[in-house]
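K.L.:
This structure is in structure tokens; I'll ask about it shortly.
Every number in this text was worked out from the coordinates using simple rules, so none of it is lab data. From a predicted model like this one, the values you see are computed outputs, not experimental measurements. Don't worry about glycine lacking a Cβ; one is built from the backbone with ideal geometry, like all the others, and counts go over all protein chains shown.
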Amino acid sequence: MEKNAEAWLDKGWFRKALAVLLMVHGVIHAVGPLATWGLVDFENIDGEPTVALSDGAADALGGVWIVALVLFVVAAIAVLLRRTWWAPVTLIGVAISQVLVVLFWQGAWRGTVANALILAAVWLARKNEQP
């Protein structure tokens, strides 16, 4: 990877802040299955999809919340360890996360803000990379 592409990640504060953002956002995804499966009652989060889904499909999406959680936590660790594959893992996590946010908009819309911040950080860290 080119030195310019890693300039922001070489800044210790940026790398740590990005890792914390990814980790926290990932852990917050645990709310999804807990609410969807009715394991915990959260104020303003009922775990009900905004779009019409069968109960089985909604329950299956609880597992998808866990996939997003794992992707963000793995991406955070990759950032801290300076692994070059952190960005693709992060982008896949953001894509899955945003689909879930749309499907569970009423309780999860705030995730759009976190996903936008993460996308901005990925862009900033990678903007100087040459193909």
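K.L.:
Measure nothing but the geometry: give the 0 to 90° angle between the long axis through the Cα atoms of 111-126 and the longest principal axis through the Cα atoms of the chain, rounded to 10°.
P.N.:
The answer is roughly 20 degrees.
K.L.:
I would also like to ask the following. Specify the angular offset, from 0 to 90 degrees and rounded to the nearest 10, of the alpha carbon long axis of helix 12-28 from the longest principal axis of the alpha carbons in the chain.
P.N.:
The two axes meet at around 10 degrees.
K.L.:
Now, a different point. Which order do the peptides 25-32, 117-124 take when ranked by the mean count of other beta-carbon atoms within 10 Å per residue, highest first?
P.N.:
For the peptides 25-32, 117-124, the packing ranking is 25-32, 117-124.
K.L.:
Next question, about the same structure. Whats the longest run of the chain with zero trypsin sites (Lys or Arg not before Pro) that are DSSP loop and have at most 15 other Cβ atoms within 10 Å?
P.N.:
12-81
K.L.:
Sticking with this one: With angles folded into 0 to 90 degrees, how steeply does helix 55-80 sit against the dominant principal axis of the chain? Use alpha carbons for both and round to 10.
P.N.:
20
K.L.:
Also: Mind pulling up the Rg/Rh value for region 4-126? Radius of gyration and Kirkwood radius, both on Cα. It would help to have the intermediate numbers written out before the result.
P.N.:
Working: Rg = 15.1 Å, Rh = 14.7 Å.
Ratio value, two decimals: 1.02.
K.L.:
While we're on this one: Between residue 55 and residue 126, what is 0.36 nm times their sequence separation minus the Cα-Cα distance? Round to one decimal in nm.
P.N.:
Numbers: separation 71, 0.36 × 71 = 25.56 nm, distance 4.03 nm.
Once the chain is fully extended between residue 55 and residue 126, it gains 21.5 nm.
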